[in-house]
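Readers should treat all values here as calculations from the given coordinates under stated rules, not as data from a laboratory. In this text, all values refer to a predicted model and were calculated from it rather than measured experimentally. Neighbour counts are summed over all protein chains in view; Cβ atoms, including those assigned to glycine, are modelled from backbone coordinates with ideal geometry.
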Amino acid sequence: MNEQNTKKMLTDFPALFRDALRSSSEQQTCMGRGFECSDGWFQLIYELCTSIEAQAREMGLDPATEDWPMARQVKEKFGSMRFYISTPSPEPSDNRLEAESRGDLLSFRPVASIESIRKLVAEAEAKSSTICQGCGQPAEMRNDGGYWRVLCDPCEAKRISERNL
């Protein structure tokens with residue numbers, strides 16, 4: 001994600017992205033690497049963050065505490081957006097992992113312990129598979145030799161053109 005969009009996310013959601021704002025020696029997540037996706041998903045991610053924070057407030061969580069949800073990583077994986085987040089849990093051992101796969105590839109990912117936030121994230125991740133990661137327009141999932149992308153026709157044509165230079 002470009003610098004301007006990254007700055008807007010960190011400015012508008014400082015509690016959610018608090019780990020990205022810490023010094024690198026204090027960071028506990030992958031957010032120090034920034035948003036590992038293209039700008040086409042900016043609006044989707046922004047709307048997701050707005051919904052997560054609204055849900056957290058509705059639950060009575062305080063953004064000034066460690067109980068506030070914390071983004072752990074935002075990236076593209078298997079062609080769609082992944083938003084890894086931790087939420088407060090009644091039991092420290094309630095950190096959840098779920099399996100995900102695409103073809104022969106299998107991986108595990110952390111999921112929020114608060115069901116309503118987990119659902120918001122799942123909906124946004126599913127929606128990302130229909131939004132061009134390059135420009136934000138309606139798109140489709142494309143496979144290029146095992147690498148998955150969500151691109152609209154113009155962005156796919158541009159990618160192919162640049163590859164053939």
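Key figures
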quantity	calculated
Amide proton proximity set for Met81, modelled H, under 5 Å, gap of 5+	Ser128, Ser129
Net lengthening on full extension, Gln43/Asp12 (0.36 nm per residue, minus Cα-Cα)	9.9 nm
Computed [θ] at 222 nm, deg cm²/dmol, the chain (DSSP H ≥ 4; -39,500 (n - 2.57); rounded to nearest 500)	-10000 deg cm²/dmol
Extension gain, Gln4 back to Glu26 (0.36 nm per residue minus Cα-Cα distance, nm)	5.5 nm
Förster radius 22 Å - calculated FRET efficiency between Lys75 and Glu140 (Cβ-Cβ, nearest 0.05)	0.60
Among Glu140, Glu76, Glu123: highest mean-square fluctuation, GNM of the chain, C-alpha pairs under 10 Å	Glu123
For the chain, Kirkwood radius (reciprocal of mean inverse C-alpha pair distance, Å)	16.7 Å
Stretchable slack from Arg118 to Arg33, in nm (0.36 nm times residue separation minus alpha-carbon distance)	28.3 nm
Positive dipole terminus of the chain, leading residue within Thr87, Thr11, Ile114 (C-beta point charges)	Thr11
Distance from the stretch 113-157 to the stretch 64-89 (C-alpha centre basis), Å	17 Å
Values of log10 I(q)/I(0), in the order q = 0.24 Å⁻¹, for the stretch 9-67 under a Debye, Cα-only, solvent-free model	-1.10
